[in-house]
Amino acid sequence: MQPIKFSPTHRLQWEEAQQKYVILYPEGMVELNQSSAEILLCCDGNRNLAQIVNELEQKFATTGLTNDITAFLEVALQNGWIQQ
Amino acid sequence: MVGSNNNPDAKAFRITPPRWLLAELTYACPLQCPYCSNPVDYAKYPSELSTDDWKRVLTEARKMGAVQLGFSGGEPLTRKDLVELVKHARELGYYSNLITSGYGLTEEKIIQLKEAGLDHIQVSIQASTQELNDHIAGTTSFHHKKEVAHLVKKHGYPMVLCVVIHRENIHQMPQILAMAEELGADYLELANTQYYGWAHTNRDLLLPTKAQFEQAEQIAQAFKEKVAGKMKIYYVVPDYYEDRPKACMNGWGTTFLTIAPDGVALPCHSARDLPGLDCPNVNDYGIQEIWRDSKAFNFFRGFEWMKEPCRSCDEKEKDFGGCRCQAYLLTGDMYMADPVCSKSPEHAVIQQAIDSAGANASLATNEKPLVFRNSKNSKAMSLVDGKGV
Ligand code: SF4
Ligand code: SF4
(Lines give C-alpha, C1' and ligand atoms only; values in the text may rest on other atoms or scores of the structure.)
(Ligands and ions follow the chains in the order given, each with its own letter.)
Protein backbone atom coordinates (compact mmCIF):
# COMPACT_ATOMS: atom_id res chain seq x y z
CA MET A 1 0.00 0.00 0.00
CA GLN A 2 1.16 3.47 -0.98
CA PRO A 3 1.73 6.20 1.60
CA ILE A 4 -0.86 8.99 1.49
CA LYS A 5 0.13 12.62 1.32
CA PHE A 6 -1.82 15.83 1.76
CA SER A 7 -1.95 17.84 -1.49
CA PRO A 8 0.86 20.39 -1.86
CA THR A 9 -1.55 22.77 -3.65
CA HIS A 10 -4.03 22.84 -0.78
CA ARG A 11 -3.51 23.99 2.77
CA LEU A 12 -4.79 22.34 5.95
CA GLN A 13 -4.88 24.78 8.80
CA TRP A 14 -6.35 25.37 12.25
CA GLU A 15 -8.59 28.43 12.34
CA GLU A 16 -8.67 30.02 15.75
CA ALA A 17 -11.69 32.23 14.93
CA GLN A 18 -13.73 29.22 13.81
CA GLN A 19 -12.29 26.75 16.31
CA LYS A 20 -11.84 24.16 13.60
CA TYR A 21 -9.54 22.89 10.88
CA VAL A 22 -10.16 24.09 7.34
CA ILE A 23 -8.84 23.20 3.90
CA LEU A 24 -7.92 26.21 1.81
CA TYR A 25 -7.57 26.25 -1.98
CA PRO A 26 -8.12 28.77 -4.78
CA GLU A 27 -11.50 30.43 -4.31
CA GLY A 28 -12.59 28.02 -1.66
CA MET A 29 -12.55 26.76 1.89
CA VAL A 30 -13.88 23.56 3.41
CA GLU A 31 -14.60 23.43 7.12
CA LEU A 32 -13.71 20.10 8.69
CA ASN A 33 -15.24 18.27 11.61
CA GLN A 34 -12.87 16.80 14.14
CA SER A 35 -12.71 13.27 12.77
CA SER A 36 -12.06 14.39 9.18
CA ALA A 37 -9.31 16.67 10.43
CA GLU A 38 -7.72 13.86 12.47
CA ILE A 39 -7.58 11.65 9.37
CA LEU A 40 -6.10 14.35 7.14
CA LEU A 41 -3.48 15.25 9.73
CA CYS A 42 -2.21 11.67 9.41
CA CYS A 43 -1.72 12.08 5.63
CA ASP A 44 1.89 13.17 5.93
CA GLY A 45 3.37 11.11 3.11
CA ASN A 46 4.84 8.50 5.49
CA ARG A 47 1.82 6.40 6.38
CA ASN A 48 -0.46 4.24 4.24
CA LEU A 49 -4.13 3.46 4.81
CA ALA A 50 -3.53 0.54 7.20
CA GLN A 51 -1.12 2.56 9.28
CA ILE A 52 -3.51 5.51 9.47
CA VAL A 53 -6.34 3.24 10.61
CA ASN A 54 -4.09 1.63 13.15
CA GLU A 55 -2.91 4.93 14.52
CA LEU A 56 -6.38 6.44 14.89
CA GLU A 57 -7.83 3.28 16.44
CA GLN A 58 -5.08 3.40 19.04
CA LYS A 59 -5.43 7.12 19.61
CA PHE A 60 -9.17 6.88 20.26
CA ALA A 61 -9.00 3.42 21.91
CA THR A 62 -11.48 1.90 19.50
CA THR A 63 -11.68 -0.58 16.60
CA GLY A 64 -13.56 -0.95 13.32
CA LEU A 65 -12.63 2.41 11.81
CA THR A 66 -11.42 0.95 8.49
CA ASN A 67 -14.64 1.51 6.53
CA ASP A 68 -15.23 5.07 7.70
CA ILE A 69 -11.66 6.12 7.08
CA THR A 70 -11.53 4.46 3.66
CA ALA A 71 -14.78 6.15 2.63
CA PHE A 72 -13.55 9.56 3.76
CA LEU A 73 -10.19 9.19 2.03
CA GLU A 74 -11.94 8.31 -1.22
CA VAL A 75 -13.86 11.57 -1.02
CA ALA A 76 -10.64 13.39 -0.17
CA LEU A 77 -8.91 11.86 -3.19
CA GLN A 78 -11.74 12.84 -5.52
CA ASN A 79 -11.55 16.39 -4.24
CA GLY A 80 -7.81 16.53 -4.73
CA TRP A 81 -7.10 17.05 -1.01
CA ILE A 82 -4.75 14.08 -0.87
CA GLN A 83 -2.41 12.22 -3.20
CA GLN A 84 -1.34 8.62 -3.28
CA MET B 1 -25.19 32.71 8.70
CA VAL B 2 -26.99 36.02 9.07
CA GLY B 3 -29.41 35.21 6.27
CA SER B 4 -30.91 32.30 8.14
CA ASN B 5 -32.05 34.45 11.03
CA ASN B 6 -35.27 36.20 10.09
CA ASN B 7 -35.14 38.91 12.73
CA PRO B 8 -36.61 42.30 11.85
CA ASP B 9 -34.00 44.26 13.75
CA ALA B 10 -30.70 44.36 11.87
CA LYS B 11 -28.78 45.10 15.07
CA ALA B 12 -30.07 41.92 16.67
CA PHE B 13 -28.51 39.77 13.95
CA ARG B 14 -25.55 37.79 14.98
CA ILE B 15 -22.97 39.50 12.83
CA THR B 16 -20.72 36.88 11.26
CA PRO B 17 -17.02 37.70 10.92
CA PRO B 18 -15.51 38.43 7.50
CA ARG B 19 -13.95 35.41 5.79
CA TRP B 20 -12.72 36.96 2.54
CA LEU B 21 -10.67 40.09 2.28
CA LEU B 22 -10.13 41.73 -1.09
CA ALA B 23 -7.21 44.14 -0.92
CA GLU B 24 -7.39 46.43 -3.94
CA LEU B 25 -3.85 47.71 -3.65
CA THR B 26 -3.96 50.24 -6.46
CA TYR B 27 -6.03 51.51 -9.37
CA ALA B 28 -2.89 51.74 -11.51
CA CYS B 29 -2.92 49.24 -14.36
CA PRO B 30 -1.01 49.00 -17.64
CA LEU B 31 -4.01 47.28 -19.24
CA GLN B 32 -7.20 48.96 -20.37
CA CYS B 33 -9.89 46.25 -20.33
CA PRO B 34 -13.22 47.77 -21.36
CA TYR B 35 -15.05 45.49 -18.86
CA CYS B 36 -12.92 46.40 -15.84
CA SER B 37 -14.94 46.38 -12.62
CA ASN B 38 -13.10 49.35 -11.13
CA PRO B 39 -15.27 52.46 -10.79
CA VAL B 40 -15.35 54.51 -14.01
CA ASP B 41 -14.36 57.59 -12.01
CA TYR B 42 -11.40 55.91 -10.27
CA ALA B 43 -9.23 58.87 -11.32
CA LYS B 44 -10.97 60.80 -8.53
CA TYR B 45 -9.26 58.57 -5.93
CA PRO B 46 -5.53 58.75 -6.62
CA SER B 47 -4.33 58.27 -3.03
CA GLU B 48 -3.04 54.88 -1.89
CA LEU B 49 -2.63 53.38 1.55
CA SER B 50 0.93 53.05 2.82
CA THR B 51 2.63 49.72 3.46
CA ASP B 52 2.07 50.09 7.21
CA ASP B 53 -1.62 50.86 6.73
CA TRP B 54 -2.07 47.72 4.65
CA LYS B 55 -0.24 45.65 7.23
CA ARG B 56 -2.53 46.94 9.94
CA VAL B 57 -5.62 46.21 7.82
CA LEU B 58 -4.41 42.66 7.19
CA THR B 59 -3.64 42.11 10.86
CA GLU B 60 -6.98 43.41 12.11
CA ALA B 61 -9.09 41.55 9.54
CA ARG B 62 -7.22 38.31 10.24
CA LYS B 63 -7.89 38.71 13.93
CA MET B 64 -11.61 38.86 13.18
CA GLY B 65 -11.43 35.63 11.16
CA ALA B 66 -10.71 36.62 7.54
CA VAL B 67 -8.66 33.84 5.93
CA GLN B 68 -8.99 34.05 2.15
CA LEU B 69 -7.08 37.06 0.88
CA GLY B 70 -7.02 38.46 -2.65
CA PHE B 71 -4.44 41.02 -3.69
CA SER B 72 -6.02 42.83 -6.60
CA GLY B 73 -6.29 46.22 -8.19
CA GLY B 74 -5.78 47.57 -10.83
CA GLU B 75 -2.58 45.65 -11.26
CA PRO B 76 -1.20 44.76 -7.82
CA LEU B 77 2.28 44.16 -9.29
CA THR B 78 2.66 47.90 -9.70
CA ARG B 79 2.99 48.16 -5.88
CA LYS B 80 6.65 48.01 -4.88
CA ASP B 81 5.78 46.56 -1.47
CA LEU B 82 3.85 43.56 -2.79
CA VAL B 83 6.40 40.97 -1.61
CA GLU B 84 6.48 42.54 1.83
CA LEU B 85 2.68 42.48 2.09
CA VAL B 86 2.56 38.86 0.93
CA LYS B 87 5.08 37.94 3.59
CA HIS B 88 3.07 39.70 6.27
CA ALA B 89 -0.09 37.93 5.10
CA ARG B 90 1.62 34.53 5.26
CA GLU B 91 2.85 35.17 8.79
CA LEU B 92 -0.72 35.94 9.80
CA GLY B 93 -1.96 32.67 8.28
CA TYR B 94 -3.89 34.00 5.30
CA TYR B 95 -4.38 31.93 2.18
CA SER B 96 -3.35 34.52 -0.34
CA ASN B 97 -4.05 34.99 -4.00
CA LEU B 98 -2.50 37.38 -6.48
CA ILE B 99 -5.10 38.49 -9.02
CA THR B 100 -3.03 39.74 -11.90
CA SER B 101 -2.97 40.50 -15.60
CA GLY B 102 0.52 38.96 -15.54
CA TYR B 103 1.89 42.18 -16.98
CA GLY B 104 5.32 42.83 -15.48
CA LEU B 105 5.53 39.44 -13.78
CA THR B 106 9.02 37.96 -14.17
CA GLU B 107 10.30 34.55 -13.12
CA GLU B 108 12.38 36.25 -10.44
CA LYS B 109 9.27 37.92 -9.01
CA ILE B 110 7.36 34.63 -9.11
CA ILE B 111 10.13 33.00 -7.05
CA GLN B 112 10.28 35.91 -4.59
CA LEU B 113 6.52 35.79 -4.08
CA LYS B 114 6.63 32.04 -3.55
CA GLU B 115 9.34 32.41 -0.93
CA ALA B 116 7.30 35.15 0.74
CA GLY B 117 4.44 32.64 1.04
CA LEU B 118 2.02 33.45 -1.77
CA ASP B 119 -0.42 30.55 -2.24
CA HIS B 120 -1.70 31.06 -5.74
CA ILE B 121 -1.65 33.30 -8.76
CA GLN B 122 -4.66 33.98 -10.90
CA VAL B 123 -3.67 35.09 -14.37
CA SER B 124 -6.23 36.66 -16.65
CA ILE B 125 -6.12 36.17 -20.39
CA GLN B 126 -8.47 38.18 -22.58
CA ALA B 127 -8.87 35.80 -25.53
CA SER B 128 -7.34 32.78 -27.25
CA THR B 129 -5.60 34.72 -29.99
CA GLN B 130 -2.94 37.38 -29.78
CA GLU B 131 -4.84 39.79 -31.97
CA LEU B 132 -8.01 39.76 -29.89
CA ASN B 133 -6.23 39.55 -26.53
CA ASP B 134 -4.11 42.58 -27.27
CA HIS B 135 -7.06 44.49 -28.68
CA ILE B 136 -9.23 43.89 -25.59
CA ALA B 137 -6.40 44.48 -23.14
CA GLY B 138 -5.49 47.65 -24.99
CA THR B 139 -1.86 46.50 -24.59
CA THR B 140 0.45 43.99 -26.24
CA SER B 141 0.45 41.22 -23.68
CA PHE B 142 -0.68 37.86 -25.08
CA HIS B 143 2.62 36.00 -25.37
CA HIS B 144 3.87 37.26 -22.06
CA LYS B 145 0.68 36.10 -20.33
CA LYS B 146 1.10 32.58 -21.70
CA GLU B 147 4.71 32.59 -20.59
CA VAL B 148 3.62 33.70 -17.11
CA ALA B 149 1.05 30.89 -16.97
CA HIS B 150 3.85 28.37 -17.67
CA LEU B 151 6.09 29.88 -14.98
CA VAL B 152 3.30 29.86 -12.40
CA LYS B 153 2.88 26.15 -13.02
CA LYS B 154 6.62 25.50 -13.06
CA HIS B 155 7.04 27.02 -9.62
CA GLY B 156 4.44 24.82 -7.99
CA TYR B 157 1.52 27.18 -7.63
CA PRO B 158 -1.97 25.92 -8.38
CA MET B 159 -2.61 27.58 -11.73
CA VAL B 160 -5.78 29.58 -11.97
CA LEU B 161 -6.65 30.98 -15.36
CA CYS B 162 -9.34 33.59 -15.64
CA VAL B 163 -11.07 34.60 -18.85
CA VAL B 164 -13.77 37.25 -18.85
CA ILE B 165 -16.38 36.37 -21.48
CA HIS B 166 -18.29 38.89 -23.60
CA ARG B 167 -19.50 39.40 -27.14
CA GLU B 168 -16.06 39.98 -28.61
CA ASN B 169 -14.57 36.67 -27.44
CA ILE B 170 -17.52 34.38 -26.77
CA HIS B 171 -17.16 32.76 -30.20
CA GLN B 172 -13.68 31.62 -29.13
CA MET B 173 -15.00 29.43 -26.32
CA PRO B 174 -13.66 26.15 -27.82
CA GLN B 175 -10.22 27.70 -28.39
CA ILE B 176 -10.19 29.27 -24.92
CA LEU B 177 -10.85 25.88 -23.37
CA ALA B 178 -8.14 24.27 -25.49
CA MET B 179 -5.72 26.99 -24.39
CA ALA B 180 -6.54 26.34 -20.72
CA GLU B 181 -5.81 22.66 -21.25
CA GLU B 182 -2.58 23.34 -23.10
CA LEU B 183 -1.42 25.68 -20.32
CA GLY B 184 -2.21 23.03 -17.71
CA ALA B 185 -4.65 25.16 -15.72
CA ASP B 186 -5.77 23.57 -12.46
CA TYR B 187 -8.68 25.98 -12.21
CA LEU B 188 -10.40 27.85 -15.00
CA GLU B 189 -12.64 30.74 -14.22
CA LEU B 190 -15.00 31.51 -17.08
CA ALA B 191 -16.48 34.75 -15.94
CA ASN B 192 -19.30 36.08 -18.02
CA THR B 193 -19.00 39.85 -17.77
CA GLN B 194 -20.88 41.45 -14.90
CA TYR B 195 -22.20 44.80 -16.02
CA TYR B 196 -20.84 47.26 -13.48
CA GLY B 197 -18.18 49.92 -13.82
CA TRP B 198 -16.59 50.02 -17.26
CA ALA B 199 -18.57 47.00 -18.43
CA HIS B 200 -21.79 48.91 -17.83
CA THR B 201 -20.49 51.81 -19.91
CA ASN B 202 -19.64 49.38 -22.72
CA ARG B 203 -22.62 47.08 -22.29
CA ASP B 204 -24.07 47.62 -25.77
CA LEU B 205 -20.85 46.27 -27.22
CA LEU B 206 -20.14 43.50 -24.71
CA LEU B 207 -23.42 41.79 -23.92
CA PRO B 208 -23.74 38.61 -26.01
CA THR B 209 -27.04 37.46 -27.43
CA LYS B 210 -28.95 34.72 -25.66
CA ALA B 211 -28.16 32.31 -28.50
CA GLN B 212 -24.43 33.04 -28.24
CA PHE B 213 -24.51 32.59 -24.52
CA GLU B 214 -26.41 29.32 -24.64
CA GLN B 215 -24.07 27.86 -27.22
CA ALA B 216 -21.00 28.88 -25.24
CA GLU B 217 -22.48 27.48 -22.04
CA GLN B 218 -23.11 24.12 -23.70
CA ILE B 219 -19.54 23.93 -24.92
CA ALA B 220 -18.22 24.84 -21.47
CA GLN B 221 -20.49 22.31 -19.81
CA ALA B 222 -19.31 19.46 -22.06
CA PHE B 223 -15.70 20.46 -21.38
CA LYS B 224 -16.32 20.52 -17.65
CA GLU B 225 -17.41 16.90 -17.78
CA LYS B 226 -14.45 15.96 -19.94
CA VAL B 227 -11.86 17.44 -17.57
CA ALA B 228 -13.60 16.49 -14.31
CA GLY B 229 -10.99 15.52 -11.73
CA LYS B 230 -8.21 17.32 -13.63
CA MET B 231 -9.38 20.89 -13.99
CA LYS B 232 -11.95 22.65 -11.88
CA ILE B 233 -14.20 25.07 -13.74
CA TYR B 234 -15.77 28.08 -12.06
CA TYR B 235 -18.50 29.34 -14.34
CA VAL B 236 -19.90 32.78 -13.58
CA VAL B 237 -23.29 33.14 -15.29
CA PRO B 238 -24.36 36.34 -17.03
CA ASP B 239 -27.27 37.21 -14.81
CA TYR B 240 -29.11 39.16 -17.52
CA TYR B 241 -30.21 35.82 -18.92
CA GLU B 242 -31.36 34.36 -15.61
CA ASP B 243 -34.74 34.93 -13.99
CA ARG B 244 -33.42 35.06 -10.45
CA PRO B 245 -30.58 37.29 -9.27
CA LYS B 246 -27.31 36.09 -7.80
CA ALA B 247 -27.01 35.88 -4.01
CA CYS B 248 -24.78 38.88 -4.11
CA MET B 249 -21.77 38.78 -1.75
CA ASN B 250 -23.39 35.84 0.03
CA GLY B 251 -25.45 38.48 1.84
CA TRP B 252 -24.39 42.04 2.60
CA GLY B 253 -21.82 42.34 5.38
CA THR B 254 -21.74 38.60 6.06
CA THR B 255 -18.60 37.32 4.37
CA PHE B 256 -16.76 39.78 2.12
CA LEU B 257 -14.72 42.84 2.96
CA THR B 258 -13.17 44.93 0.20
CA ILE B 259 -10.66 47.68 0.86
CA ALA B 260 -10.22 50.15 -2.01
CA PRO B 261 -6.76 51.61 -2.81
CA ASP B 262 -7.47 54.81 -0.85
CA GLY B 263 -8.56 52.86 2.24
CA VAL B 264 -12.33 53.02 1.83
CA ALA B 265 -13.93 49.84 3.17
CA LEU B 266 -16.66 48.44 0.96
CA PRO B 267 -19.25 45.69 1.54
CA CYS B 268 -18.95 44.95 -2.21
CA HIS B 269 -16.51 46.39 -4.70
CA SER B 270 -19.15 48.56 -6.41
CA ALA B 271 -20.67 49.91 -3.19
CA ARG B 272 -18.80 53.18 -3.42
CA ASP B 273 -21.33 54.28 -6.07
CA LEU B 274 -24.36 53.86 -3.78
CA PRO B 275 -25.69 57.15 -2.35
CA GLY B 276 -25.71 57.89 1.37
CA LEU B 277 -23.70 54.88 2.54
CA ASP B 278 -20.78 56.95 3.84
CA CYS B 279 -18.38 54.06 3.40
CA PRO B 280 -15.78 54.37 6.17
CA ASN B 281 -12.05 54.70 5.61
CA VAL B 282 -9.51 52.52 7.41
CA ASN B 283 -7.54 55.69 8.11
CA ASP B 284 -10.33 56.74 10.48
CA TYR B 285 -11.59 53.48 11.99
CA GLY B 286 -10.41 50.02 12.94
CA ILE B 287 -11.61 47.04 10.91
CA GLN B 288 -13.69 45.63 13.73
CA GLU B 289 -15.55 48.89 14.21
CA ILE B 290 -16.09 49.19 10.46
CA TRP B 291 -17.40 45.65 10.13
CA ARG B 292 -19.65 45.66 13.17
CA ASP B 293 -20.81 49.21 13.67
CA SER B 294 -20.49 51.28 10.51
CA LYS B 295 -23.59 52.52 8.75
CA ALA B 296 -22.39 51.14 5.41
CA PHE B 297 -21.88 47.56 6.60
CA ASN B 298 -25.21 47.50 8.43
CA PHE B 299 -27.17 49.17 5.63
CA PHE B 300 -28.43 46.03 3.88
CA ARG B 301 -27.80 43.46 6.59
CA GLY B 302 -30.81 41.25 7.15
CA PHE B 303 -34.19 41.84 5.48
CA GLU B 304 -35.70 44.89 7.16
CA TRP B 305 -34.57 47.29 4.42
CA MET B 306 -36.47 45.39 1.72
CA LYS B 307 -39.41 46.64 -0.30
CA GLU B 308 -42.01 44.51 -2.00
CA PRO B 309 -41.82 42.13 -3.80
CA CYS B 310 -38.72 41.00 -1.87
CA ARG B 311 -40.06 41.72 1.60
CA SER B 312 -42.74 39.04 1.52
CA CYS B 313 -40.94 36.76 -0.95
CA ASP B 314 -40.20 33.21 0.17
CA GLU B 315 -36.92 33.24 -1.77
CA LYS B 316 -35.34 36.18 0.03
CA GLU B 317 -33.13 33.98 2.20
CA LYS B 318 -31.71 32.43 -0.95
CA ASP B 319 -30.74 35.55 -2.91
CA PHE B 320 -31.13 38.43 -0.40
CA GLY B 321 -33.00 40.38 -3.08
CA GLY B 322 -29.98 40.23 -5.40
CA CYS B 323 -27.38 42.90 -5.96
CA ARG B 324 -27.89 46.36 -4.46
CA CYS B 325 -25.50 47.98 -6.90
CA GLN B 326 -27.32 46.48 -9.89
CA ALA B 327 -30.67 47.62 -8.50
CA TYR B 328 -29.31 51.15 -8.17
CA LEU B 329 -27.50 51.18 -11.49
CA LEU B 330 -30.49 49.94 -13.48
CA THR B 331 -33.51 51.33 -11.61
CA GLY B 332 -32.09 54.30 -9.71
CA ASP B 333 -33.44 52.80 -6.46
CA MET B 334 -31.03 50.79 -4.34
CA TYR B 335 -33.85 49.31 -2.21
CA MET B 336 -35.52 47.74 -5.25
CA ALA B 337 -35.43 44.04 -6.08
CA ASP B 338 -32.53 43.33 -8.40
CA PRO B 339 -34.21 43.88 -11.82
CA VAL B 340 -32.77 40.57 -13.03
CA CYS B 341 -35.54 38.95 -10.99
CA SER B 342 -38.64 38.20 -13.06
CA LYS B 343 -40.77 39.20 -10.07
CA SER B 344 -39.33 42.71 -10.12
CA PRO B 345 -41.68 45.39 -11.47
CA GLU B 346 -38.60 46.84 -13.21
CA HIS B 347 -37.61 43.59 -14.92
CA ALA B 348 -38.28 45.15 -18.35
CA VAL B 349 -35.03 47.17 -18.12
CA ILE B 350 -33.10 43.94 -18.62
CA GLN B 351 -34.90 43.13 -21.86
CA GLN B 352 -34.33 46.72 -22.99
CA ALA B 353 -30.60 46.30 -22.34
CA ILE B 354 -30.56 43.04 -24.28
CA ASP B 355 -32.46 44.63 -27.19
CA SER B 356 -30.19 47.65 -27.20
CA ALA B 357 -27.10 45.44 -27.28
CA GLY B 358 -28.68 43.39 -30.08
CA ALA B 359 -29.37 46.55 -32.10
CA ASN B 360 -25.72 47.52 -31.75
CA ALA B 361 -24.38 44.12 -32.74
CA SER B 362 -24.13 44.99 -36.42
CA LEU B 363 -22.47 48.37 -35.91
CA ALA B 364 -18.92 48.67 -37.12
CA THR B 365 -16.43 49.36 -34.31
CA ASN B 366 -15.77 52.86 -35.60
CA GLU B 367 -19.45 53.77 -35.32
CA LYS B 368 -19.57 53.04 -31.58
CA PRO B 369 -16.09 52.34 -30.22
CA LEU B 370 -15.36 50.61 -26.91
CA VAL B 371 -14.45 52.97 -24.08
CA PHE B 372 -11.15 51.64 -22.78
CA ARG B 373 -10.30 51.80 -19.10
CA ASN B 374 -7.55 54.38 -18.73
CA SER B 375 -7.03 57.55 -16.77
CA LYS B 376 -7.89 59.84 -19.64
CA ASN B 377 -11.32 58.25 -20.02
CA SER B 378 -11.73 58.01 -16.25
CA LYS B 379 -11.03 61.72 -15.81
CA ALA B 380 -13.58 62.51 -18.48
CA MET B 381 -16.15 60.32 -16.74
CA SER B 382 -15.38 61.79 -13.33
CA LEU B 383 -16.76 65.06 -14.64
CA VAL B 384 -20.15 63.51 -15.35
CA ASP B 385 -22.07 63.49 -12.10
CA GLY B 386 -24.00 60.58 -10.68
CA LYS B 387 -23.50 57.16 -12.16
CA GLY B 388 -20.84 58.27 -14.58
CA VAL B 389 -22.44 56.92 -17.75
S1 SF4 C 1 -9.69 44.28 -15.61
FE2 SF4 C 1 -8.00 44.81 -16.99
S3 SF4 C 1 -7.82 47.05 -16.81
FE4 SF4 C 1 -9.05 46.37 -15.05
S5 SF4 C 1 -7.57 46.11 -13.45
FE6 SF4 C 1 -7.81 44.10 -14.42
S7 SF4 C 1 -6.21 44.01 -15.99
FE8 SF4 C 1 -6.39 46.16 -15.36
S1 SF4 D 1 -38.55 39.10 -5.37
FE2 SF4 D 1 -36.64 39.70 -4.36
S3 SF4 D 1 -36.24 38.11 -2.82
FE4 SF4 D 1 -37.80 37.29 -4.24
S5 SF4 D 1 -36.65 36.13 -5.74
FE6 SF4 D 1 -36.90 38.21 -6.57
S7 SF4 D 1 -35.06 39.32 -5.90
FE8 SF4 D 1 -35.18 37.45 -4.66
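The values are calculated or read from the model by the stated rules, or taken from the named source; none is laboratory data. All values derive from a computational prediction rather than experimental measurement. Virtual Cβ from ideal backbone geometry, glycine too; neighbours counted across all protein chains shown. Ligands, DNA and RNA are stripped out before the accessible areas are found, and what is left, the full protein with its side chains, is counted by its heavy atoms. Shrake-Rupley method; radii C 1.70, N 1.55, O 1.52, S 1.80 Å.
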Practice problem: Report the label-to-label distance for B:Asp355 and B:Ser375 in nanometres (one decimal), using points 7 Å from each Cα along the Cα→Cβ vector. | Solution: 4.2 nm
Quiz item: Under the definition of partner shielding as Cβ atoms of other protein chains within 10 Å of a residue Cβ, what is the mean value for peptide A:25-36?
Solution: 4
Quiz item: Per-residue accessible area for A:Ser35 at 1.4 Å probe radius, Å² rounded to 10?
Solution: 70 Å²
Exercise. Please figure out what share of the DSSP beta bridges in chain B is antiparallel and state it in percent, rounded to the nearest 5.
Key: 10 percent
Quiz item: Among rounded, prolate and oblate, which fits segment A:1-61 when a ≥ b ≥ c are the square roots of the eigenvalues of its C-alpha gyration tensor, a/c under 1.5 means rounded, and a/b larger than b/c means prolate?
Solution: oblate
Quiz item: Calculated FRET efficiency, B:Tyr285 and B:Lys307, Cβ-Cβ r, R0 30 Å, to nearest 0.05?
Solution: 0.50
Self-check item: Mean separation of Cα contacts under 8 Å (6+ apart) over length of chain B, as relative contact order %
Solution: 22 percent
Quiz item: Which sequence of A:Trp14, B:Trp20 reflects their accessible areas, 1.4 Å probe, from the largest down?
Solution: A:Trp14, B:Trp20
Quiz prompt | Which of A:Arg11, B:Arg301 is most accessible, then next, and so on - probe 1.4 Å | solution = A:Arg11, B:Arg301
Quiz item: Here are some pairs, B:Lys210/B:Lys318; B:Lys145/B:Lys232; B:Lys114/B:Lys232; B:Lys232/B:Lys343; which of them have Cα atoms lying more than 27 Å apart in this structure?
Solution: B:Lys232/B:Lys343
Quiz item: Between B:Thr106 and B:Glu182, what is the spin-label point distance in nm, taking each point 7 Å from the Cα along the Cα→C-beta axis?
Solution: 2.7 nm
Self-check item: Solvent-accessible area of B:Asp314 with every protein chain in place, 1.4 Å probe, in Å² to the nearest 10
Solution: 140 Å²
Quiz prompt | Accessible surface, 1.4 Å probe, highest first, among residues B:Phe213, B:Phe256 | solution = B:Phe256, B:Phe213
Exercise. Leaving ligands, DNA and RNA out of it, work out the accessible area of B:Trp305 with a 1.4 Å probe and give it in Å² to the nearest 10.
Key: 30 Å²
Quiz item: Taking the DSSP beta bridges in the protein assembly as shown as the whole, what percent of them are antiparallel, to the nearest 5?
Solution: 35 percent
Quiz prompt | Relative contact order %, segment A:9-84, counting alpha carbon pairs below 8 Å whose residues are six or more apart | solution = 17 percent
Exercise. Kindly identify segment B:17-116 as rounded, prolate or oblate by the Cα gyration tensor criterion: order the square roots of the eigenvalues as a ≥ b ≥ c, call it rounded if a/c is under 1.5, otherwise compare a/b with b/c, prolate if a/b is larger, else oblate.
Key: oblate
